[in-house]
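Following: one structure in structure tokens, then a few remarks.
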Amino acid sequence: MNNNVIEYIEKEIPCLDHGFVRLIDVMGDDAAIVQAARVSYGKGTKSVTEDRGLIRYLMRHKHTSPFEMVEFKFHVKLPIFIARQWIRHRTANVNEYSGRYSEMKDEFYLPEKSQLRTQSVVNKQGRSDEKLEDDSVQIIYDKLSNSFEESYSEYKEFLELGLAREIARINLPLSNYTEWYWKIDLHNLFHFLRLRIDKHAQYEIQVYGNAIAEIVKTAVPLAWEAFEDYILNSSYFSSIENKVLAELIDYSKLPSVDDLVQKGISKREAIELIEKLNLMKSNVT
């Protein structure tokens, strides 16, 4: 385990009004990725620079299995409606708080007033940047608060009347908080983060994604750097888009490998870039 990530063990990172992300355990680090890729044992077989180059190569060429050698286990407290989005990532191990065995808690997600916005006309599943009128915001805010209080009061009344917990809970809204332990390997965690810290993701799950990202970048800094460069901040082009780009490129002015190295690109990546550009050209001609 990277010593820098120890400070996050059992530390709650607050999320939304009642939620949190808490790191429980980590298995592996950047060295574990390198070790798995080389199928060797022990540490110090290569320099840090060479380790970084290998990790970047693996990420760039989508050799994903070495990243699966690192695992994270989190304790997460989150609103149920966010949990239902989250659970779509079926590549993790999950154990959730049970409303059949335990009483549901009197904790509901009440959005900040700044998050009460109109429906986006561009993104059909998200909110826009346009704020509602102040009067409308206050009406919605008050109704949400009152409905949470009323539904939980009814839930407690059902329990006092002797109704089983598993059925008494059905009147509670999706804003009610739940908790779970969530264990996932780094490869699949990167996939989760690529989607959930994207600006198009729902704000509430972005909050959790960014909290997890803070921990991951500390635990595996070399892998995180490669993830940012080759996945998070990269672009992909279709075959049609490649053809359009190829027609726009002046191939008589392609830089040399040395020119690219001077711009901060590794020699291996510089060679790969020129190969990609030439491949685009051949697909057009």
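The values are calculated or read from the model by the stated rules, or taken from the named source; none is laboratory data. For clarity, every value in this text was computed on a predicted model and none was experimentally measured. Backbone-built Cβ (ideal geometry, glycine too); neighbour counts: all protein chains shown.
Just a yes or no: is a residue in the range 76-97 over 30 Å from residue 36 (Cβ atoms), exposed (fewer than 15 other Cβ atoms within 10 Å of the Cβ), in contact with a strand residue (DSSP E or B) (Cβ under 9 Å, 6 or more places away or on another chain) and not hydrophobic (A, V, I, L, M, F, W, C)?
Pass one, the range 76-97, residues over 30 Å from residue 36 (Cβ atoms): 77-85, 96-97.
Okay, now just the ones that are also exposed (fewer than 15 other Cβ atoms within 10 Å of the Cβ), so 84, 96.
The next check asks that each one be in contact with a strand residue (DSSP E or B) (Cβ under 9 Å, 6 or more places away or on another chain); those that pass are 96.
From what is left, the residues that are not hydrophobic (A, V, I, L, M, F, W, C) are 96.
Yes, the range 76-97 contains at least one residue that is over 30 Å from residue 36 (Cβ atoms), exposed (fewer than 15 other Cβ atoms within 10 Å of the Cβ), in contact with a strand residue (DSSP E or B) (Cβ under 9 Å, 6 or more places away or on another chain) and not hydrophobic (A, V, I, L, M, F, W, C).
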Would you be able to say whether some residue in the range 81-94 is at pLDDT 95 or above, in contact with a helix residue (DSSP H, G or I) (Cβ under 7 Å, 6 or more places away or on another chain) and β-branched (Val, Ile, Thr)?
-> yes
Residue pairs qualifying under the 9 Å Cβ cut-off, at least six apart or on distinct chains, with the first in the range 258-285 being farther than 20 Å from residue 230 by Cβ and the second being polar (S, T, N, Q) and surrounded by 11 or more Cβ atoms within 10 Å (Cβ to Cβ), are 283/242; 284/242
Taking residue 137 as meeting all but one of (1) within 30 Å of residue 234 (Cβ to Cβ); (2) surrounded by 15 or more Cβ atoms within 10 Å (Cβ to Cβ); (3) of a type in the set (A, V, I, L, M, F, W, C), write down the number of the exception.
-> (1)
If you scan the range 225-255, which residues turn out to be surrounded by 11 or more Cβ atoms within 10 Å (Cβ to Cβ) and of a type in the set (Lys, Arg)?
-> 243
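For the range 188-200, state whether one or more residues are in contact with a Ser or Thr (Cβ under 7 Å, 6 or more places away or on another chain) and either under 29 Å from residue 12 (Cα atoms) or β-branched (Val, Ile, Thr) (or both).
So far as the range 188-200 goes, yes, one or more of its residues are in contact with a Ser or Thr (Cβ under 7 Å, 6 or more places away or on another chain) and either under 29 Å from residue 12 (Cα atoms) or β-branched (Val, Ile, Thr) (or both).
Among the residues of the range 1-28, write down those that are of a type in the set (Val, Ile, Thr) and touching a residue at least 24 places away in the same chain (Cβ under 8 Å).
First pass over the range 1-28, keeping only residues of a type in the set (Val, Ile, Thr): 5-6, 9, 13, 21, 24, 26.
If the condition is that a residue be of a type in the set (Val, Ile, Thr) and touching a residue at least 24 places away in the same chain (Cβ under 8 Å), then 5, 13, 21, 24, 26 are the ones that fit.
Table: residues versus (1) assigned by TED's automatic domain parsing to the domain that holds residue 207; (2) outside any helix (DSSP H, G or I); (3) closer than 28 Å to residue 170 by Cβ.
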| position | (1), (2), (3) |
| --- | --- |
| 13 | yes, yes, no |
| 25 | yes, yes, no |
| 32 | yes, no, no |
| 81 | yes, no, yes |
| 89 | yes, yes, yes |
| 95 | yes, yes, yes |
| 118 | no, yes, no |
| 121 | no, yes, no |
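Please find, among 77, 105, the residue that is charged (D, E, K, R), under 30 Å from residue 152 (Cα atoms) and outside any loop (DSSP other than H, G, I, E, B).
On the way: 105 fails: outside any loop (DSSP other than H, G, I, E, B).
Being charged (D, E, K, R), under 30 Å from residue 152 (Cα atoms) and outside any loop (DSSP other than H, G, I, E, B) holds for just one of 77, 105, which is 77.
Looking at the range 143-183, which of its residues are farther than 25 Å from residue 94 by Cα and touching a Ser or Thr at 6+ places or on another chain (Cβ under 6 Å)?
Step one: of the range 143-183, the residues farther than 25 Å from residue 94 by Cα are 143-163.
Passing the criteria: none in range.
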Which of the residues belonging to the range 155-176 are surrounded by 11 or more Cβ atoms within 10 Å (Cβ to Cβ) and more than 22 Å from residue 83 (Cβ to Cβ)?
-> 156, 157, 158, 159, 163
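Taking helices (runs of 4 or more DSSP H) that fall entirely within the range 128-231, which contain at least 2 residues that are among the hydrophobic types (A, V, I, L, M, F, W, C), over 30 Å from residue 265 (Cα atoms) and touching a residue at least 24 places away in the same chain (Cβ under 8 Å)? Spell out how you get there, then give the answer.
Working: elements: 134-160, 165-168, 186-196, 203-219, 221-227.
Answer list for the range 128-231: 134-160, 203-219.
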Cβ-Cβ under 9 Å pairs, at least 6 apart or on other chains, the range 44-66 side within 19 Å of residue 232 (Cα to Cα) and among the β-branched types (Val, Ile, Thr), far side at pLDDT 95 or above and assigned to a loop (DSSP other than H, G, I, E, B) = 55/220
Out of the residues in the range 247-264 that are in contact with a helix residue (DSSP H, G or I) (Cβ under 7 Å, 6 or more places away or on another chain) and modelled with pLDDT of 90 or more, state the one that is nearest to residue 50 (Cα to Cα).
-> 261
